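The values are calculated or read from the model by the stated rules, or taken from the named source; none is laboratory data. Computed from a prediction, not measured in an experiment: that's the story for all the values here. For neighbour counting, all protein chains shown are included, and Cβ atoms are generated from backbone atoms with ideal geometry for every residue, glycine included. Accessible surface areas use protein heavy atoms only, side chains included; no ligands, DNA or RNA. Shrake-Rupley method; radii C 1.70, N 1.55, O 1.52, S 1.80 Å.
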Amino acid sequence: MLMKTEHRVKTEKNVYSKKSKDGIILLKENRAFILQLNCTGEFLWKLCRQPISISSLIKKLTRTYGVSKEIAHHDVSEFIKQCLHEGIMKRID
């Protein structure tokens with residue numbers, strides 16, 4: 001599925017997080033699934049608790065971490081793609 005920057009995403013309700021020393025660990029209910037996110041992944045995950053556009057994620061990542069728009073776009077796209085693939089996030093239309 002091709003994601004455009006105007007598309008919005010949100011975390012799934014059946015995913016739980018636990019703080020770790022380097023970020024957070026995600027656990028999906030009723031599935032043998034564990035994913036550890038670094039601090040940047042944790043930052044993005046928390047923003048996605050409420051519906052948010054990909055363009056907003058890119059802007060917030062750029063402002064907070066001082067990375068270029070191109071790097072932020074790539075990182076956000078990869079993060080969203082993995083989360084959608086794992087079923088821990090959904091696209092909101």
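See the values below:
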item: Filter result (open to solvent by 70 Å² or more (accessible area, probe 1.4 Å), within 25 Å of Ala32 (Cα to Cα) and either in a helix (DSSP H, G or I) or not basic (Lys, Arg) (or both)) within the range 77-93; result: Glu78, Lys81, Gln82, His85
item: Those residues of the range 9-24 which are in a strand (DSSP E or B) and open to solvent by 50 Å² or more (accessible area, probe 1.4 Å), in sequence order; result: Tyr16, Ser17, Lys18, Lys19
item: Any hit, the range 63-76, residues being open to solvent by 60 Å² or more (accessible area, probe 1.4 Å), more than 12 Å from Met89 (Cβ to Cβ), in contact with a Phe, Trp or Tyr (Cβ under 9 Å, 6 or more places away or on another chain) and among the aromatic types (Phe, Trp, Tyr); result: yes
item: Only one of Val15, Val9 that is out of contact with any helix residue (DSSP H, G or I) (no Cβ under 8 Å at 6 or more places or on another chain), touching a residue at least 40 places away in the same chain (Cβ under 8 Å) and of a type in the set (Val, Ile, Thr); result: Val15
